[in-house]
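Asks: Here it is, the structure in full.
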Amino acid sequence: MYERYQLKDLLKRLKEPRKFIQVITGSRQVGKTTLAEQLVQKLSFPHIFVSADAIPPSDSIWIEQQYEAARIRLHSLKAKELLLVIDEIQKIHNWSEVVKKNWDLDSRNKTPIKLLLLGSSAILMQKGLTESLVGRFEVIQLPHWSFIEMQNAFGLTPSEYVFFGSYPGAAAFIKDEKRWKDYILNSIVETTISKDILQLTSIQKPALLKNLFELSCKYAGEILSYTKILGQLNDAGNTTTLVHYEDLLNKIRMISAIQKFSGSKVSVKSSIPKWIVYNNSLASVYSGLNFEQSISSPNIWGRRIEQAVGSYLLNQSRIYDFELYYWREGNDEVDFILKKNKKIITVEVKTTSTKYHKGIVKFNQRYKTFKNILISNESLTWSDFLITDISQIFE
């Protein structure tokens, strides 16, 4: 079974003395439960692994019961420590308060129970962590699978990764595109939006949110204003509502409206966004084209590759804590801008030619850049870039 790279980091943390609650967050079906299952197989001390998936939301006593079971097992085994793993904990109302009470109790009593929490709803997980568990937790964010992970686990080619994306559960269906599309739409999109947004937050216009999501996927990799989006939506709304809905979709790692780079934060917030999906499959299922149609059109395939680069950078930005932008003035454009502290890196994606582009020159004249990266067929190819360690380019 393929192991995600975060496993080593998590194992290292759990070998340390009990100090923090460990939390794994990420989108649905990116391997959180599988990662935890692989983890407990490598532990040198006992564990209890439970899931709140089928527990009534009001049953917070269930969490108390799991803690008591962990304490009893710890003492009966005369173990030096024990790991309690609770999956889908965000489904229990008031979960963070119950966890806080028991964590603090064990801390006072010096009971060596370590805790690992898993949650698929980033919205509810973050709310519980920041409201009740401040200073008590560390987070491992599980991004969407990268190309190298999909290649190692399922043998995907670079082109297959660009079109079919990186949901591991969908990899088995890429030879049957109808079945693959049905899986993405029904098992991923519908489940994620319904369970992680519509059931958990107050949404006055659910149809508008769904329309925004579909349209942003259709225009993935393109610059499109909220005003123009409103003009293509069936449901009436305003830009403030759309910005709020985009924020929710971004929190659950579905889409992101990255902003234009500027020296002014006010200008950034008022800019026209460039829409990027976190997983390439989301752009493909709403394109209306199949794999062969997409790859045979240079213009369409070029946009797909640019979107794939943007998706990789977007997911990596959540791990390595850098900001992601684009830049455009008039006809001059830079595809992606990475900013970490005072370091600014430009990334240009050229799939047809490396002819002179004055946009990158103008940007460098205006801003002091740390590095300028060109992705092209002649030097650093897009498939090479997708296996690049992004953390190292800031060094």
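Asks: For the list (1) in contact with a Ser or Thr (Cβ under 8 Å, 6 or more places away or on another chain); (2) of a type in the set (Asp, Glu); (3) assigned by TED's automatic domain parsing to the domain that holds Asn290, I need the number of the one condition that Glu190 fails.
Replies: With respect to (1) in contact with a Ser or Thr (Cβ under 8 Å, 6 or more places away or on another chain); (2) of a type in the set (Asp, Glu); (3) assigned by TED's automatic domain parsing to the domain that holds Asn290, Glu190 is out only on (1).
Asks: Then there is this: Looking at (1) under 17 Å from Asn290 (Cβ atoms); (2) touching a helix residue (DSSP H, G or I) at 6+ places or on another chain (Cβ under 6 Å); (3) free of Cβ contacts under 8 Å to residues at least 60 places away in the same chain; (4) in a helix (DSSP H, G or I), can you tell me which one Phe163 breaks?
Replies: Phe163 satisfies all of (1) under 17 Å from Asn290 (Cβ atoms); (2) touching a helix residue (DSSP H, G or I) at 6+ places or on another chain (Cβ under 6 Å); (3) free of Cβ contacts under 8 Å to residues at least 60 places away in the same chain; (4) in a helix (DSSP H, G or I) except (3).
Asks: Pick out the one residue from Ala170, Ala207 that is under 17 Å from His144 (Cα atoms) and part of a helix (DSSP H, G or I).
Replies: On the way: Ala207 fails: under 17 Å from His144 (Cα atoms).
Selected residue: Ala170, the only one of Ala170, Ala207 that is under 17 Å from His144 (Cα atoms) and part of a helix (DSSP H, G or I).
Asks: Confirm whether Leu77 is modelled with pLDDT of 95 or more, under 18 Å from Asp106 (Cβ atoms) and loosely packed, with under 14 Cβ neighbours inside 10 Å. Can you show your working first?
Replies: Numbers: modelled with pLDDT of 95 or more: yes; under 18 Å from Asp106 (Cβ atoms): yes; loosely packed, with under 14 Cβ neighbours inside 10 Å: yes.
Against the criterion (modelled with pLDDT of 95 or more, under 18 Å from Asp106 (Cβ atoms) and loosely packed, with under 14 Cβ neighbours inside 10 Å), Leu77 qualifies.
Asks: In the stretch 211-240, how many residues are closer than 16 Å to Ala257 by Cβ and either part of a helix (DSSP H, G or I) or without any contact (Cβ under 8 Å) to a residue 24 or more places away in the chain (or both)?
Replies: The qualifying residues number 17.
Asks: Could you tell me whether any residue of the stretch 177-193 is in a loop (DSSP other than H, G, I, E, B) and within 20 Å of Ser287 (Cβ to Cβ)? Walk me through how you get there before you give the answer.
Replies: Of all residues in the stretch 177-193, those in a loop (DSSP other than H, G, I, E, B) come to none.
Taking every residue of the stretch 177-193 in turn, none turns out to be in a loop (DSSP other than H, G, I, E, B) and within 20 Å of Ser287 (Cβ to Cβ).
Asks: Separate question: Picking from Lys362, Lys342, Lys358, Lys368, which residue would you name as being free of Cβ contacts under 8 Å to residues at least 40 places away in the same chain and either of a type in the set (A, V, I, L, M, F, W, C) or under 30 Å from Val139 (Cα atoms) (or both)?
Replies: Lys342
Asks: Taking the stretch 132-160 only, how many residues are surrounded by fewer than 18 Cβ atoms within 10 Å (Cβ to Cβ), at pLDDT below 95 and outside any helix (DSSP H, G or I)?
Replies: Looking only at that region, the number is 5.
The values are calculated or read from the model by the stated rules, or taken from the named source; none is laboratory data. Predicted model, so just to flag it, every value in this text is computed and none were measured. Don't worry about glycine lacking a Cβ; one is built from the backbone with ideal geometry, like all the others, and counts go over all protein chains shown.
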